[in-house]
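What follows is calculated from the coordinates using simple rules that are stated; it is not laboratory data. Model, not experiment: these values are computed from the prediction. Reconstructed Cβ throughout: ideal geometry from the backbone, glycine too, with neighbour counts over all protein chains shown.
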């Protein structure tokens, strides 16, 4: 008789962990395909369509990259705080406030484009940082749980945006309702491309910077130490509360910048729906990447391509609910893969004679 | 549920038990025979194989080779349930109780004998009956979290016995107990063997083993050294068998008139609950001497170490290191002045368990020119530094890249102690540095402190073990309720007077 036991592995291996996540995604796609088969659709055609939507044309690739930009930036914001074991659930709110503040600059000032964009970026980042200031201080000095404070501020940010777009910044000149007027300066498109704005560079550069910081700087070392054991960090002479505030402000600034880039590169005008859950998507990517910035880059591009493919499939008549269910299956597969990589199966043989003792 | 009258057979006969973990041999052909109605001590250093052997007998691990005979029948246990069915139960160092539930509920949790339909009343009545039968009492309605550690341990023992265990294995049961609780536990152990049961007492504390056991088996490095009657055994002889070598720490004490490294003047501070923990403390440590701080735990010793190392703000007074005023300086400034600190909670405060050994090795030095240039860490230098420290501290780890938490507790302690000795060029604060260590490791740490002193650094040794303070110190300070009650040169120190001062009896201590 055989039994199978799961045993926790003594060591973790980044490559094994990555491979299991890919396997998990594939398993999720298989499950989704099975569901599609049962509902008498052809999963192969749909998979082909999804693939074609992303990689079949230059336009598809560019659109995927446009979606990936805010997802990656918000994901980087969350991942940075996660290195300190702090959960910034408020990337959506900081994104909105970044877009909101950048709109304030962009609709009231029509200077030279580069200058306007630079000021918009600075103001957007500052607004994102300001939006997390109170949660950061409360967490660092009074131990207030940042998950709740950052989450709740998302709703406040959304109301502020709605108030502005329905009220004092409402565009009265055009037919677009519930929206602010377009900003005066837009991010330029990459030379030679049709849609993709240069804001796509931001997450790539930031990923590289953060990767370096956590690989070979004392700053990253200190943040990881705080994440591992705050008491040991204080013991080593690190000023823990100040670091918590600074890192949380950085994450807010990244999310705020993300809002500004999305506004000036793609949406062009502020409205209540400017963030279609980019904060949440970024959060999912960061959580699945488990603190790895390279993993985040791969995961962010993958989720963006899923979202983009979803829109194409919707156009082909697949219901939104089925698309959401497919996302869910794939993400769940990745999450299971991540955990499964930490265990191994042990097969045990034993003879019934010993069992009889029982 | 009286234990059955034992036959002529032994309770347990284990022979040729061999077990390895990932290539490391933990047990090498060990024999162990337990008679009915005895307290059998299993004695050995950390890593000698005591716990592994017990875990095999209790069905938690499976041996690679060897046989276990219980009451004349050979068994191959696959899990603890099978062992308990054969009458063998184990109480672990970490209790497996559900804190929000009552004692009666915990006793019945997961037990096959629990009736299907129960009320709180039935459970309490059944628990009372069990306690009366065994002569072991804990309030059955109390919640686990309301109980002291000693009482929780008693619940664990009751739980194991209620499953029908006739051989009870206690894994280092006194490690978590106060002296009084340990004494009560010994009473329980005697009571159990008087009823014909067998108790296995795992420990590395020689005095306890001599006090409570009938027979002793010594293990060393995974091998069986000897099994003998306790009568006639001496602590010194057993220590030699455990460590395999006779080493007596020889400390020469001295009087130093050199300049002060550390000066505390009128230092006061509050504890984490805002209560006064230190009041008006004056203390001087000179280079080349060990000053011992004697006192019962919780009389301000922890706070004393924390104010000196910059982890706790002062309410009043001044702290000077080598003539520089470091009152309320940051932990980093104080470390830079050459003050190292082996903290009381070495693993909870002194280490990041999830981080690799190398990061823990450089935790106090990563900002030095050797290890970083500006904000950039020199990654190869970090690895070299860590490898050097690991070699010097004789830390056993697969590599400096493995998480520190995967090393054994003794190795973690050695890593922290040696790292802090490097920081403490001028002054080393050692808070309970040998707590939880076995004989050999204790001597290692004590020799390291003496070596530091002989290099000219001052050492402030905080310990609640008066023997250790008397052995190590050149001068002794006694703390009671946040005050320094007295200061003695080693030569004038008198155990009785120090004991009185530790209890707060100042007048009697100084009466002629």
Gaussian network model of chain A, Cα springs within a sub-10 Å range: biggest mean-square fluctuation belongs to which of A:195, A:168, A:302?
-> A:168
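Among A:209, B:138, B:251, which comes first, second and so on when ranked by fewest other beta-carbon atoms within 10 Å?
Sorted ascending by nearby Cβ count, the order is A:209, B:251, B:138.
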Virtual spin-label span in nm between residue B:141 and residue B:31, 7 Å along Cα→Cβ | 5.4 nm
Provide, in order from the shortest bin, the percent of all Cα-Cα pairs of region A:216-304 in each 5 Å bin, continuing until the bin that contains the maximum pair distance.
-> 3, 12, 16, 19, 18, 14, 9, 6, 3, 1
Kirkwood Rh for the protein assembly as shown from C-alpha pairs, in Å, is 31.9 Å
Under the definition of partner shielding as Cβ atoms of other protein chains within 10 Å of a residue Cβ, what is the mean value for peptide A:224-233?
-> 6
Listed residues A:67, A:327, A:343, most fluctuating in chain A (Gaussian network, C-alpha, under 10 Å) = A:343
How long, wide and thick is region B:260-307, going by the Cα atoms along their three principal axes, in whole angstroms, largest first?
-> 36, 21, 14
Measure of compaction for region B:430-482 (Cα Rg per 2.2 N^0.38 Å) = 1.13
In terms of the alpha carbon gyration tensor, root eigenvalues a ≥ b ≥ c, rounded if a/c is under 1.5 and otherwise prolate when a/b exceeds b/c or oblate, chain A is oblate
Report, to the nearest 10°, how far helix B:379-392 tilts away from the longest principal axis of the Cα atoms in chain B, using its own Cα long axis and a range of 0 to 90°.
-> 70 degrees
Relative pair counts by distance (%), Cα atoms of region A:15-55, 5 Å bins | 6, 22, 19, 21, 16, 10, 4, 0
Dimensionless Rg/Rh of region B:354-419, both radii on Cα and Rh by Kirkwood, sits at 0.96
Would you mind checking the radius of gyration and Dmax of region B:392-506 based on alpha-carbon positions, in Å?
-> 16.3, 53
Rel. contact order, % - alpha carbon contacts under 8 angstrom, at least six apart, chain B | 15 percent
On Cα atoms only, tilt of B:120-134 relative to the major axis of chain B in degrees | 90 degrees
Shape of region A:58-120, Cα gyration tensor, a/c cut at 1.5 | oblate
Among A:132, A:148, which comes first, second and so on when ranked by fewest other beta-carbon atoms within 10 Å?
-> A:148, A:132
Tell me, what is the Rg over Rh of region A:91-211, with Rh the Kirkwood radius over Cα pairs?
-> 1.03
Pairing the Cα long axis of helix B:439-454 with the longest principal axis of chain B, what angle in degrees results, from 0 to 90 and rounded to the nearest 10?
-> 0 degrees
What area, in nm² and to one decimal, does the C-alpha convex hull of region A:290-340 cast on average over all directions?
-> 3.6 nm²
Packing-based exposure ordering (other Cβ within 10 Å, fewest first) of B:384, B:126 | B:384, B:126
Mean projection area, nm², convex hull over Cα of chain B | 27.6 nm²
Give the span of region B:113-237's Cα atoms along each principal axis, as three whole-Å numbers ordered largest to smallest.
-> 54, 26, 26
Considering Cα pairs under 8 angstrom that are at least six residues apart, work out the relative contact order of region B:9-91 and quote it in whole percent.
-> 33 percent
Max mean-square fluctuation residue, GNM over chain A, Cα-Cα springs under 10 Å, options A:37, A:196, A:296 | A:37
In percent, what relative contact order does chain A have, based on Cα pairs under 8 Å that are 6 or more apart in sequence?
-> 39 percent
What is region B:224-283 by shape, rounded, prolate or oblate, if you read a ≥ b ≥ c off the alpha carbon gyration tensor as root eigenvalues and call it rounded for a/c under 1.5, prolate for a/b larger than b/c, and oblate otherwise?
-> oblate
